[in-house]
Amino acid sequence: MCESNVYLVEAGMEKLVAKEVASMTPKQNGYVFVDIYGNRYEFDNVEIAYIDFIGHRVVLKKRG
């Protein structure tokens with residue numbers, strides 16, 4: 001399986017915010033993630049800090 005987990009950096013720590021994500025779509029000022037069960041996770045005012053393809057991790061951080 002090639003799903004990823006999504007983390008948000010808060011206070012210098014990476015917090016898990018979405019599991020088993022199958023798709024990522026950019027939107028104005030953020031992203032929409034959909035997991036393998038069809039659940040949607042929308043994040044505003046964020047940007048990608050980094051993506052670890054081997055570790056199946058997408059890490060977001062707040063803009064600004």
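No value in this document is a laboratory result; all are computed from the given coordinates. As the structure is a computational prediction, the values presented were derived from the model and not from experiment. No Cβ is skipped: glycine too gets one built from the backbone with ideal geometry, and neighbour counts run over all protein chains shown.
Observations
- Matching residues in region 43-62 - criterion: being among the basic types (Lys, Arg) and either touching a Ser or Thr at 6+ places or on another chain (Cβ under 7 Å) or within 14 Å of residue 26 (Cα to Cα) (or both): 57
- Looking at the chain, the strands (runs of 3 or more DSSP E) lying wholly inside it that each contain 2 or more residues that are hydrophobic (A, V, I, L, M, F, W, C) and surrounded by 10 or more Cβ atoms within 10 Å (Cβ to Cβ) sit at 4-10, 13-27, 30-35, 46-52, 57-62.
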